[in-house]
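*Asks:* Please see the structure below; I have some questions.
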Amino acid sequence: MPELPAVADAGTEVDVALTVNGQPRRVRVEPRKTLADSLREDLRLTGTHVGCEHGVCGACTVLMDGEAVRSCLLFAVQVRGADITTVEGLAPDGAALSPVQRAFREHHGLQCGFCTPGFVISATAFLAAHPQPTDTEIREGLSGNLCRCTGYQGIVRAVRAAAAELAATEDASGRKGPA
Amino acid sequence: MTSDSILTPPSQLRGGVGAGRWIGQRLPRREDPRLITGRGRYIDDHQEAGTLHAAFVRSSVARGRIAALDTSAALAALGVVAVLTAADVNSPSHQFWHTVMGPGERTPGRVLADGDVRYVGEPVAVVVAESRYLAEDAAELVELEIDPLPPVVDVRAALRTEERVHPELDSNVAEALPEMEIPGFAERFAGAAHVISETFHQHRYVCVPMETRGIIATWDPWTQQLDIVLAAQGVHEPRLFYARMLGIPEDSIRVRQGDVGGSFGQKMFPMREEHAIVIAARVIGERPVKWIEDRIENLISGGHAREESLKIEVAVNNEGVLLAARAHHLENVGAYPTPGNGANGPTAAGMFPGPYRWGGPGSVAYTSQAIYTNTCGHCAYRGPWMMETVGREQMMDVVARKLGMDPLEIRRRNVISRDELPFTTPTTMVYETVSPAETLEQAAELIGYEQFRRDQEKARAEGRLLGIGLSLYVEPQFGFGSLGTEAATIRVEVTGKVTVYMSTGGHGQSIETTMAQIVADEMGVAISDIRIIQGDTQITPYGAGTAGSRTGAIAGGAAHAAAHAMREKVAAVAGRLLEVSPGDIEMASSVAMVKGDPDGPKVTLAEIAAAAYLNTDALGPDLEPGLEVSKRYKAPQFMFSNACHAVTVEVDRVTGQVRILRYVISEDCGNMINPMIVEGQIAGGIAQAIGGVFYEHMIYDSDGNPLTTTFMDYLLPTAAEIPDFEYGHVVTPSNTPGGYKGLGEGGAIASPPALLNAVSDALAPLGVTLTEQALSPDKILTLIDTAG
C-alpha cells in the first residue's frame with residue numbers, strides 16, 4: 001500500500017457502509033465530507049457533478065432510497081446504510097441507456113452535459129412519482145435543476161417522451177397504469 | 001456499446017449514398033452517450049494521485065490598502081504545502097496580453113493583489129494543501145487587514161471623481177472610441193423632419209456556466225515541462241499566453257482540455273486565478289496543483305458582463321425612413337477586464353447599423369467609453385457587443401411610436417432586401433448573403449402578427465396588457481487576423497479508421513458531431529469510422545479557440561478542405577488497386593468503387609489504408625505512402641448570419657409578472673449541418689436573455705459589495721420560466737465552403753430587445769416609457785405606478 005500523507009487520516013474519520021448502485025461499499029470519511037465529494041473522490045463516481053455547493057442547481061442530485069436528494073447538502077456520514085443510485089447506476093455497463101437517458105439523447109436534452117446527470121436523476125425520480133405528467137408538471141418538476149445551455153427545450157421534450165415510453169412499456173407488460 | 005449503435009441515424013436517410021447523406025440531418029450527438037451516463041471527463045473529474053488543492057484568500061473590500069498580510073498561521077496548518085502572496089507570485093516580467101488583442105493594453109496586469117485591492121473578490125493569497133477542505137481551512141487563517149478607500153462603483157461617478165481605480169493611470173477611462181469628423185453629418189439631422197433621442201440601459205449580468213472555472217497545473221522540474229489541464233474554450237491561446245507570461249518556450253507547455261461544462265465566453269481567456277495556480281505549480285514542482293472555483297467565487301470574480309448604456313439619436317423623415325444616427329455607448333468594465341481593456345464599443349460601432357439601410361455612407365456615427373470601476377472586470381459573454389442591437393431595436397419601436405407607425409411597418413420600410421445585395425453598411429460592413437427582410441416576414445407570419453394586433457385590441461378593451469416585440473439583427477463572425485483560420489488534420493489509420501484532429505475547443509457546441517457529419521459526406525466514409533479529437537496542444541493544430549460563432553464556417557471550412565484532400569488521396573490509391581483512373585473512383589460508406597458500376601469491383605477503406613501504409617512497393621513511385629492530410633482554412637474577414645425574433649407577452653398589472661405567450665425565431669445561418677444543433681444554440685441564447693431581462697441581476701451596493709453572490713440571489717431561469725420556442729429557417733448559403741454561417745451568439749443578442757419591446761408594447765396604453773432592465777415584477781409595478 002502506498003504511503004498516505006499524514007492528513008489522509010487525522011483521527012476524525014469514520015467508516016460509513018452504504019449501498020451504491022446496487023453494490024455494498026464502504027468509505028472512510030471525515031464527518032464534514034459531503035456525500036457528493038465522497039462519491040466523486042472516494043468511490044470515483046465522477047458522474048455526480050457539483051455546480052453550486054449550496055443546494056440550488058441540482059447538478060449533484062442522486063437517488064437515496066429512491067428519492068431525489070442533493071448530495072452537496074448531505075454529509076456522507078448521514079447516508080450510512082442508505083441505498084444510493086448515481087447516474088452511473090442507471091446504465092451500469094454503458095450499453096443499455098435508461099428510457100430517460102435515451103430520450104435526452106434523442107431530443108437534444110444536453111449540450112455541455114454538465115447538468116445532465118442531475119437532470120437525468122431528477123427526471124427519473126419525477127417520472128416514478130408522476131407517470132403521466134402534464135407539461136406544467138414537467139416544468140415544475142424539473143425546476144429544481146438548472147441548465148445554462150439548452151433553454152430546457154430538449155429537456156422538456158425528453159421527459160415528455162420518456163413518460164410516454166414508460167407508459168407504453170407498462171401497458172405492454174400488462175401492469176396497471178396509474179389512476 | 002458499439003459505435004454503430006451510438007451513431008445509427010434516427011430517421012430514414014435522404015437520397016442515396018455520397019454527398020449530403022449526413023449534412024443536414026438531425027443526427028443525435030456523438031458526445032451524448034458518455035455525458036448522459038456520467039462518464040464525461042470534466043476538469044474536476046481528473047483525479048491524479050498526489051494532487052494538491054488550492055483555495056484563494058480574497059479581498060472583502062472594493063478599494064483599499066493592504067495594511068497587514070500574515071500567512072504564518074495558515075502555513076503551519078495541517079496539510080498545507082504553500083501559502084503564496086504577491087511577493088512570491090507577481091513579477092514585473094509577466095506579460096498579460098492576448099493574441100487576439102495584441103500587446104499594449106491599458107489595464108495594469110498583476111496576478112495577486114499587491115499593496116492594495118481594487119474589487120471585492122480580488123485574489124490576495126493562494127493556499128495550497130493536501131485537500132480542498134484543508135486548503136479552505138487554512139485560507140481562513142490568513143490574516144488580511146485592509147484600510148478601506150472610497151470606492152468607484154458607478155460609471156458616471158468614475159468620470160467625475162479624482163479617485164482612481166488604477167492609481168498608475170491618469171483617468172478611469174479604460175478605452176474610448178472618439179468622435180470622428182464626418183463631412184455633412186450634422187446637416188443630416190438639421191434637415192430631418194424628426195430627430196428622436198433616447199437612452200437605453202442594460203444592467204450587469206453574467207455568463208454562469210454550470211461548471212465553474214478550473215485548472216490543474218503540473219511543473220516537471222526535470223524536463224522543464226509545464227502540463228496544464230484547463231476548463232477552456234481552446235488550448236492554444238492559453239499555451240501562448242503562459243509562454244509569454246512566464247517567458248518560457250511555447251513547446252515547454254502542454255495544455256489540454258477535456259469535457260467542458262459550458263463557458264459562454266468566460267473560459268475563453270485564463271484569468272488571474274489560473275495564472276496564480278500555474279505559478280504555484282512552478283514554485284512547488286512535481287505535484288499537480290488543482291483549483292476548482294466555487295460558485296460564489298464564480299459569481300464575484302469569474303468575470304462579469306453587460307452593464308452599459310446606449311444613447312441614440314435618430315434622424316427620420318415623415319415616412320419613417322431612417323436618415324442618420326449617432327450613438328454613444330458607455331460601459332462599466334470593472335477593475336480587471338479580460339481580454340484587453342474589456343471594451344465592446346468598437347465592435348458594437350461596426351455592427352450598429354444592423355439590418356437597415358440608413359442614409360448611406362457617413363450616416364451613422366458611434367462613440368464609446370469603457371470605464372474602470374472597483375467591481376469585478378468584464379469578460380466576454382455571448383455576443384459581447386450586443387448593446388448595439390439591444391439599443392437599436394428598442395429605438396426602432398420608440399421611433400415608430402413617435403411617428404404613430406407600427407413597429408413592423410417601420411422595419412419593413414428600412415430593412416435591406418435581397419435585391420440590394422451586396423450591401424455596404426454605413427460602417428463599411430459588406431453583406432453578401434443575408435436575408436433580413438425574409439426573416440422579418442417569416443417571423444411576422446409565424447407569430448400571426450396581424451391577428452395578434454386584433455387580439456391585443458380586444459384584450460386592451462378588457463383591461464389586459466398584451467404586447468408584441470420584434471427584433472432584427474445581423475450576427476457577425478470575425479475572420480480577420482488571428483481569428484481568420486482554423487485547421488483540420490485527418491489521418492486514415494492503418495485499419496481504415498478516420499481520425500480528425502481539429503483546432504477547436506468544444507464546450508457544448510457538438511463539434512464531435514457536426515465535424516464528423518462534414519467529413520463523412522466529403523470523404524464518403526461511414527460516420528461510425530470517424531473520431532474527432534480536439535483540445536491538446538501536443539496533437540491538435542493551432543486555432544484561436546471555439547468562440548465568436550466561428551466554428552461552423554471556419555472550422556467547418558477546414559474540415560471540408562482536409563476531407564476533400566483526403567478523398568483525393570484515397571481515390572488515388574483506390575484507383576491503383578482497382579486499376580482505374582482516380583477520377584473514376586466513387587466512395588460511399590468507406591467503400592470505393594468505379595463510378596457507374598455499382599456491381600463492379602470494390603475495395604474498402606481498410607484495404608486502401610493497408611495498401612497505403614503496408615504495401616508501399618505496390619503503390620508505385622508517383623504515390624506518396626500513407627494517408628495523412630493537414631489543411632488550414634482562411635476565412636473571409638467578415639461573415640454574417642441574420643435573424644428575426646418575435647415574441648408576445650402578457651403583463652399582469654396586479655403582480656407585475658410577465659408571461660411569455662409565444663416566442664418565434666426566423667433564422668438564416670445558411671446551410672445547416674445539423675438543424676437540431678442549430679435550434680439548440682438559438683434556444684440556449686434566448687434562455688440566457690430571458691434570464692437577463694427578467695431575473696438575473698448582479699447587484700453591487702454603493703460601497704462596491706456584490707449582493708447577489710449565490711443562486712438564491714442571482715436568479716437563473718428554470719424550465720418553469722422558459723416557454724417552448726418556435727423556429728423558422730431561411731436558408732441563404734454563405735460563400736464559404738459548405739455554405740455555413742455561425743450562429744452561436746445570435747440567440748442572446750436579438751432576444752433582449754424583442755422581450756423589452758413586447759413588454760413596452762404591453763405597457764404602452766398606460767403611458768409607460770421603458771428604457772431600463774432588469775424587469776423584475778416590482779420594477780414592472782413601479783413603472784406602472786409612476787407612468788402617465
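The values are calculated or read from the model by the stated rules, or taken from the named source; none is laboratory data. Quick caveat, the model's predicted, so the values are computed rather than measured. Cβ atoms come from the backbone with ideal geometry, glycine included; neighbour counts cover every protein chain shown.
*Asks:* Residue by residue through the range A:51-61, note down the ones that are assigned to a loop (DSSP other than H, G, I, E, B) and either crowded, with 23+ Cβ neighbours inside 10 Å or within 7 Å of chain B (Cβ to nearest Cβ) (or both).
*Replies:* The first filter runs over the range A:51-61 and keeps only residues assigned to a loop (DSSP other than H, G, I, E, B), leaving A:51-60.
Selection gives A:GLY51, A:CYS52, A:GLU53, A:HIS54, A:VAL56, A:CYS57, A:GLY58, A:ALA59, A:CYS60.
*Asks:* Sticking with this one: Scan the range B:345-383 residue by residue and report those that are under 23 Å from B:VAL120 (Cβ atoms) and assigned to a loop (DSSP other than H, G, I, E, B). Full working, then the answer.
*Replies:* Filtering the range B:345-383 for residues under 23 Å from B:VAL120 (Cβ atoms) gives B:370-381.
Within the range B:345-383, B:TYR372, B:THR373, B:ASN374, B:THR375, B:CYS376, B:GLY377, B:CYS379, B:ALA380, B:TYR381 meet the criteria.
*Asks:* Can you tell me which residue in the range B:52-70 is farthest from B:GLY285 (Cα to Cα), limited to those that are within 29 Å of the chain's Cα centre (by Cα) and among the aliphatic types (A, V, I, L, M)?
*Replies:* Among residues in the range B:52-70 that are within 29 Å of the chain's Cα centre (by Cα) and among the aliphatic types (A, V, I, L, M), the one farthest from B:GLY285 (Cα to Cα) is B:ALA62.
*Asks:* Hey, among B:SER131, B:SER91, which residue is more than 30 Å from A:LYS33 (Cα to Cα) and of a type in the set (Ser, Thr, Tyr)?
*Replies:* Values: B:SER131 fails: more than 30 Å from A:LYS33 (Cα to Cα).
Exactly one of B:SER131, B:SER91 is more than 30 Å from A:LYS33 (Cα to Cα) and of a type in the set (Ser, Thr, Tyr), namely B:SER91.
*Asks:* Now, a different point. Name the single residue, out of those in the range B:692-733 being among the small types (Gly, Ala, Ser) and more than 9 Å from chain A (Cβ to nearest Cβ), that is surrounded by the most Cβ atoms within 10 Å (Cβ to Cβ). Working first, answer last.
*Replies:* So the first thing to find is which residues in the range B:692-733 are among the small types (Gly, Ala, Ser), and the list is B:692, B:702, B:704, B:719-720, B:728.
Next cut, more than 9 Å from chain A (Cβ to nearest Cβ) only: B:692, B:702, B:704, B:728.
On the way: B:GLY692: 28, B:SER702: 10, B:GLY704: 23, B:GLY728: 20.
Selected residue: B:GLY692.
*Asks:* Here is a list: B:THR771, B:THR709. Which entry is in a loop (DSSP other than H, G, I, E, B) and either out of contact with any helix residue (DSSP H, G or I) (no Cβ under 6 Å at 6 or more places or on another chain) or closer than 26 Å to B:ASP652 by Cβ (or both)?
*Replies:* Numbers: B:THR709 fails: either out of contact with any helix residue (DSSP H, G or I) (no Cβ under 6 Å at 6 or more places or on another chain) or closer than 26 Å to B:ASP652 by Cβ (or both).
Criteria check complete, one pass: B:THR771.
*Asks:* Of the conditions (1) at pLDDT below 95; (2) closer than 30 Å to B:PRO541 by Cβ, B:ALA231 fails just one. Which one is it?
*Replies:* For B:ALA231, the failing item is (1).
*Asks:* Report whether or not A:ARG105 is surrounded by 21 or more Cβ atoms within 10 Å (Cβ to Cβ), touching a Pro at 6+ places or on another chain (Cβ under 6 Å) and of a type in the set (Lys, Arg). Spell out how you get there, then give the answer.
*Replies:* Working: surrounded by 21 or more Cβ atoms within 10 Å (Cβ to Cβ): yes; touching a Pro at 6+ places or on another chain (Cβ under 6 Å): yes; of a type in the set (Lys, Arg): yes.
So A:ARG105 passes the test.
*Asks:* A further question on this structure: Look at the range A:62-75 and say how many of its residues are within 11 Å of chain B (Cβ to nearest Cβ) and not in a loop (DSSP other than H, G, I, E, B). Talk me through it step by step, then tell me what you get.
*Replies:* Step one: list which residues in the range A:62-75 are within 11 Å of chain B (Cβ to nearest Cβ), which gives A:62, A:72.
In the following step, the residues that additionally are not in a loop (DSSP other than H, G, I, E, B) were identified as A:62.
Of the residues in the range A:62-75, 1 are within 11 Å of chain B (Cβ to nearest Cβ) and not in a loop (DSSP other than H, G, I, E, B).
*Asks:* Now for a different question. Check the range B:85-94 and report whether any residue there is within 14 Å of chain A (Cβ to nearest Cβ) and surrounded by fewer than 19 Cβ atoms within 10 Å (Cβ to Cβ). So that I can check it myself, show each step before the final result.
*Replies:* Step one: list which residues in the range B:85-94 are within 14 Å of chain A (Cβ to nearest Cβ), which gives none.
There is no residue in the range B:85-94 that is within 14 Å of chain A (Cβ to nearest Cβ) and surrounded by fewer than 19 Cβ atoms within 10 Å (Cβ to Cβ).
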